[in-house]
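What follows is a short report on a single structure.
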Amino acid sequence: MPTIYIDGKPIEAREGQSILEAALEHGIEIPHFCWHPAMSAPANCRICLVKVGMPRRKPDGSFETDENGNPVIQYMPKLQPSCRYPVSEGLHVLFQVPEVIESQHAVMEFLLINHPLDCPICDEAGECKLQEYAYFYSRGKSRFVEEKNHKPKHVIWGPNVIFDAERCISCSRCIRYADEILHDPVIDFVNRGDHVTIELFPGTQFDNPYSMNVIELCPVGALTSRDFRFKARVWEMSFTPSVCPGCARGCNMYVGVLHNQILRLQPRTNMYVNQYWMCDAGRLTQYPFVNENRIDKPLVCTENGTLTEVSWEEALDTFWNKLQSVDAKEIGIVVSGMLTNEDAFALRRFIREHIPAATVMLMTVEDPEFEDDFLRVRDRRPNTRGVQTILGDVLASLSVEEFRAKVESKQLKLVWVIGEDLEQVWGEEGRKIADGADTLIVAASNASPTTQVADLVLSLATYAEMEGTFTNIDGRVQHFIPALTTAERPYRWGMKVSRWDKMGAWNDRWSHGPRRHCRPLWQMLAATASIAGHSWNYRKAADVFADLAQTVEGFARMTYALLDERHGIPLGKVDEPEPPVFHYDSHRLKPESEEYRYVQVYDKAEQWW
Amino acid sequence: MNVNQPSERQKMTFWEKLYLPEIARGLGITFKMLIGPKMTIQYPEEKYHPGGYYRGRPVLVLDEDGERCVACGLCSRVCPPLAIEVRAGETDREKERYPVKFEINMLRCIFCGLCEEVCPEEAIVMSKDLEMVFENRESAILGKEKLLVPVAQLQDRLEYLRMHQYYEPPARAQDA
Ligand code: SF4
Ligand code: SF4
Ligand code: SF4
Ligand code: SF4
Ligand code: FES
């Protein structure tokens, strides 16, 4: 463990680290554009230059000291890139000195000579490294009065990425990402000097399942998302940490929300799961279903066969009556891997207490084509592992055909589908089950063919509207918080808020946003249990999780706070914390959306609610 | 606490106690104004036409080749009472963005002029429009069709703005 001194402050660095990395790990922010911990360091942006020196030795090997007894440091005559300079014992680094500051000013001035400064029309504005550094590390003025270079501003690189050559600062992060991480090197620099730009190799496209990560990687707005382009300015949105429900990997992500609608998903660093990345499919497919085609309220099928919206009380009464109208043996339940651990636990309790003889089947959704050797896995549901662990012996091992046969032979009269569309996943078999059931109850967030033929539809909250935990394919339990409000929970306590959310009034058009009368499953079940005369005393997801942690072995001693602190905890590993890893965040200027403190406010609010 | 303290009364002289001389002086001013040049106008029969300095209803500038606004949202961010909502869209024009939706809630607007000051495109300016009557809350939210005003009608204000560009970034210590 070599000790280095940055501006005289001793720092315990690790062998083989660069000065920059060691400094960042110890909270000293040395500016950098081209360096990224996952990739090689070409040292081509030059904003990270520092003054480096070693204690001078006398010919006999001992250190030379000045009259006060301090070692004399011999500094190199030229500044060195800290992103490339390896640490060594006794290294002295000067960062906050006029020489270094002068060089930062010079680098920024050079970078801005040909930069178009079109921040008003640039999607990166508000979370741009160049903007940030122009504030902190530049003179604030340009002496350049000549015409700037012009380059193409709208180059389509692939299905998801657009390149603006004028804004590029030639840091080469995207090139190294394509080469070193994706092993799909289709882009490279062409030309030289101020004419340098990036081009695709002839006949290629930047078309990769992970191509959109370059958008966050790019320190400026040169690479923008075709999906998100111009939808909103970042400072208008709130960014809530969440977990991608797209597959069992459970990549950590931020949910970007404006006016109660999700506009984009972006990766969030978690070195134990997804590192800095996320797949394109995840970010493009995992938010539209939250915004569109929702079931806004519980629906009941009336005599004439149409679905009518009803209140939650009525819907749950109907639900309980329907469950009681048949023998528990005649109830078949289809559970989705989309449910959170809390939901699964509440379901387990509900089944054990009220309908212990029911046949419960887990619906898995596998897509071998989705799987690859990077992040994506074939299990397309975020919590299959958790539901399996929690429901355990409650689950029956049945094949789809067996289940269908039981329904058709009327062994199962009431089918209750939770969180899935039978037809979409099971095709023809699913349709036969939906048609064959005497009573079909569906808990779903989105309208689908199955909800159309149901007798009762309970509107389920999506991952973005509830708090909970998912257990990913490696058994890692990860916590997420709601990003959207619902009609039932119109307050944003504990959530991230944007300026609009915070300041808007009820009569501002934009402050409404679409809000649905949807509930997480555990909440529905707790309410149904109280109809049946049991008080579960679950007021918030944390209560359910506390009960879960006491009951199911793998979750023992887990709490939400602990999960957040350790970036998720593998099942049964609460007492063996992993060695801490540095979580690097490239663009720190992303508006740190405010948060209403959970614990005090939320509890108080619940009391007068 | 911000409560007015009763101040000590000043002793009045004999003449002041009489009041009459002061009343006569006051009436003198009244009659002088009555026959002097008039400062008021007979609004609404007579219209008021302020100069370029006037900060009336904020409007969007419509150039010959379309609107200037690029929907950057800076006005919306700076607006103290959150009166402005902007939603951007993509166009083929050189500046790539345009406002799909631009709404100013005139019930919220306080006519501060900050939106005009912050706009990088000189696309939103304070007009001379001072007559705003709304029958309900919805009609007080002005959309693009009500906001866009041809640039020819805004020359006064644009000229005024150009003449009064005081802002010069303060020099930092290290520049000196
Ligand atoms: S496009 Fe972005 S990431 Fe790529 S070299 Fe240019 S600035 Fe760097
Ligand atoms: S790999 Fe899976 S969890 Fe990660 S972003 Fe893609 S779909 Fe989501
Ligand atoms: S600041 Fe100007 S350009 Fe930007 S949205 Fe407002 S009016 Fe349009
Ligand atoms: S004048 Fe002031 S209050 Fe009115 S819209 Fe502009 S910034 Fe908002
Ligand atoms: S970060 Fe060191 S040269 Fe770019």
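The values are calculated or read from the model by the stated rules, or taken from the named source; none is laboratory data. Please read these numbers as outputs of a predicted model, since none were measured by experiment. Methodologically, a virtual Cβ is constructed for each residue, glycine included, from the backbone with ideal geometry; neighbour enumeration extends over all protein chains shown. Side chains are part of the model used for accessible areas, which takes the heavy atoms of the whole protein and leaves out ligands, DNA and RNA. Shrake-Rupley method; radii C 1.70, N 1.55, O 1.52, S 1.80 Å.
Quick one: which of A:V457, A:V453 is free of Cβ contacts under 8 Å to residues at least 24 places away in the same chain and either of a type in the set (A, V, I, L, M, F, W, C) or not assigned by TED's automatic domain parsing to the domain that holds A:L347 (or both)? Outline the logic, then answer.
On the way: A:V457 fails: free of Cβ contacts under 8 Å to residues at least 24 places away in the same chain.
Only one candidate passes the filter, namely A:V453.
Tell me which of these A:P356 doesn't satisfy, since it passes every other one: (1) open to solvent by 20 Å² or more (accessible area, probe 1.4 Å); (2) in contact with a Lys or Arg (Cβ under 8 Å, 6 or more places away or on another chain); (3) of a type outside the set (D, E).
(2)
Is there a residue being surrounded by 15 or more Cβ atoms within 10 Å (Cβ to Cβ) and away from chain A (no Cβ under 11 Å) anywhere in the range B:160-167?
First, the residues of the range B:160-167 that are surrounded by 15 or more Cβ atoms within 10 Å (Cβ to Cβ): B:160-161.
Right, trim to away from chain A (no Cβ under 11 Å) and you get B:160-161.
Yes - at least one qualifying residue is present in the range B:160-167.
If a residue has to be of a type in the set (S, T, Y) and either in a loop (DSSP other than H, G, I, E, B) or touching a Leu at 6+ places or on another chain (Cβ under 9 Å) (or both) to count, how many in the range A:207-224 make the cut? First the steps, then the outcome.
Of the residues in the range A:207-224, the ones of a type in the set (S, T, Y) are A:210-211, A:224.
From what's left, either in a loop (DSSP other than H, G, I, E, B) or touching a Leu at 6+ places or on another chain (Cβ under 9 Å) (or both): A:210-211.
Of the residues in that region, 2 qualify.
I'd like the full set of residues that are closer than 14 Å to A:V477 by Cα, in a helix (DSSP H, G or I) and in contact with a helix residue (DSSP H, G or I) (Cβ under 8 Å, 6 or more places away or on another chain), limited to the range A:543-575.
Across the range A:543-575, the qualifying residues are A:F545, A:L548, A:A549, A:G554, A:F555, A:Y560.
Which of the residues that make up the range B:81-98 are more than 10 Å from chain A (Cβ to nearest Cβ) and either crowded, with 20+ Cβ neighbours inside 10 Å or out of contact with any strand residue (DSSP E or B) (no Cβ under 8 Å at 6 or more places or on another chain) (or both)?
Across the range B:81-98, the qualifying residue is only B:I84.
Taking A:F403 and the conditions (1) within 14 Å of ligand 2 (Cβ to nearest atom); (2) surrounded by 16 or more Cβ atoms within 10 Å (Cβ to Cβ), which numbered condition does it fall short on, given that it satisfies the others?
Unmet condition: (1).
Only one of B:R57, B:R77 is open to solvent by 50 Å² or more (accessible area, probe 1.4 Å) and either within 16 Å of ligand 4 (Cβ to nearest atom) or within 14 Å of chain A (Cβ to nearest Cβ) (or both). Can you tell me which? Full working, then the answer.
Details: B:R57 fails: open to solvent by 50 Å² or more (accessible area, probe 1.4 Å).
Residue meeting the stated conditions: B:R77.
Which is within 7 Å of ligand 4 (Cβ to nearest atom), modelled with pLDDT under 95 and farther than 21 Å from A:W235 by Cβ, of B:G66, B:G113? Talk me through it step by step, then tell me what you get.
On the way: B:G66 fails: within 7 Å of ligand 4 (Cβ to nearest atom).
Exactly one of B:G66, B:G113 is within 7 Å of ligand 4 (Cβ to nearest atom), modelled with pLDDT under 95 and farther than 21 Å from A:W235 by Cβ, namely B:G113.
Where residues in the range A:114-137 are at the interface with another protein chain (Cβ under 10 Å from one of its Cβ atoms) and part of a loop (DSSP other than H, G, I, E, B), which of them is nearest to A:W235 (Cα to Cα)? Lay out the reasoning, then the answer.
Within the range A:114-137, the first condition is being at the interface with another protein chain (Cβ under 10 Å from one of its Cβ atoms), and the residues that meet it are A:117-123, A:125-126.
If we keep only those that are part of a loop (DSSP other than H, G, I, E, B) as well, we get A:117-118, A:122-123, A:125-126.
Numbers: A:L117: 18, A:D118: 17, A:C122: 13, A:D123: 11, A:A125: 9, A:G126: 6 Å.
Here the residue is A:G126.
Restricting the search to the range A:184-221, which residues are under 21 Å from A:Y254 (Cβ atoms), more than 14 Å from chain B (Cβ to nearest Cβ) and buried (at least 18 other Cβ atoms within 10 Å of the Cβ)?
Residues of the range A:184-221 that are under 21 Å from A:Y254 (Cβ atoms), as a first pass: A:209-221.
So of that shortlist, the ones also more than 14 Å from chain B (Cβ to nearest Cβ) come out as A:209-220.
Of everything in the range A:184-221, those that are under 21 Å from A:Y254 (Cβ atoms), more than 14 Å from chain B (Cβ to nearest Cβ) and buried (at least 18 other Cβ atoms within 10 Å of the Cβ) turn out to be A:Y210, A:S211, A:M212, A:N213, A:V214, A:I215, A:E216, A:L217, A:C218, A:P219, A:V220.
Here is a yes/no grid of residues against (1) in a strand (DSSP E or B); (2) over 18 Å from A:L91 (Cβ atoms):
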position	(1), (2)
A:I11	yes, no
A:G16	no, no
A:E29	no, yes
A:A43	no, no
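Out of (1) farther than 26 Å from A:M253 by Cα; (2) open to solvent by 20 Å² or more (accessible area, probe 1.4 Å); (3) part of a loop (DSSP other than H, G, I, E, B); (4) modelled with pLDDT of 90 or more, what's the single condition that is false for A:S397?
For A:S397, the failing item is (4).
Can you confirm whether A:R143 is surrounded by fewer than 21 Cβ atoms within 10 Å (Cβ to Cβ), touching a His at 6+ places or on another chain (Cβ under 7 Å) and either at pLDDT below 95 or part of a loop (DSSP other than H, G, I, E, B) (or both)? Show your work before the answer.
Working: surrounded by fewer than 21 Cβ atoms within 10 Å (Cβ to Cβ): yes; touching a His at 6+ places or on another chain (Cβ under 7 Å): no; either at pLDDT below 95 or part of a loop (DSSP other than H, G, I, E, B) (or both): yes.
Taking the combined requirement at face value, the residue does not satisfy it.
I want to confirm something. Restricting to the range A:25-55 and keeping residues that are away from ligand 1 (no atom under 16 Å from the Cβ) and open to solvent by less than 10 Å² (accessible area, probe 1.4 Å), which single residue is nearest to the chain's Cα centre (by Cα)? First the steps, then the outcome.
Applying the first criterion (away from ligand 1 (no atom under 16 Å from the Cβ)) to the range A:25-55 yields A:25-30, A:49-55.
Of the ones still in play, those that are also open to solvent by less than 10 Å² (accessible area, probe 1.4 Å) are A:30, A:50, A:52-53.
Numbers: A:I30: 26, A:V50: 35, A:V52: 39, A:G53: 42 Å.
Looking at residues that are away from ligand 1 (no atom under 16 Å from the Cβ) and open to solvent by less than 10 Å² (accessible area, probe 1.4 Å), I get A:I30.
It is to be established whether one or more residues within the range A:236-243 are within 14 Å of chain B (Cβ to nearest Cβ) and either under 17 Å from the mean Cα position of the chain (by Cα) or within 16 Å of ligand 3 (Cβ to nearest atom) (or both).
Taking the range A:236-243 as the starting set, the residues that turn out to be within 14 Å of chain B (Cβ to nearest Cβ) are A:236-237.
Next cut, either under 17 Å from the mean Cα position of the chain (by Cα) or within 16 Å of ligand 3 (Cβ to nearest atom) (or both) only: A:236-237.
Yes, the range A:236-243 has at least one match.
Say whether the condition of being in a loop (DSSP other than H, G, I, E, B) and within 28 Å of A:G386 (Cα to Cα) is met by at least one residue in the range A:259-267.
Residues of the range A:259-267 in a loop (DSSP other than H, G, I, E, B): A:259-260.
Narrowing further to those that are within 28 Å of A:G386 (Cα to Cα): none.
Taking every residue of the range A:259-267 in turn, none turns out to be in a loop (DSSP other than H, G, I, E, B) and within 28 Å of A:G386 (Cα to Cα).
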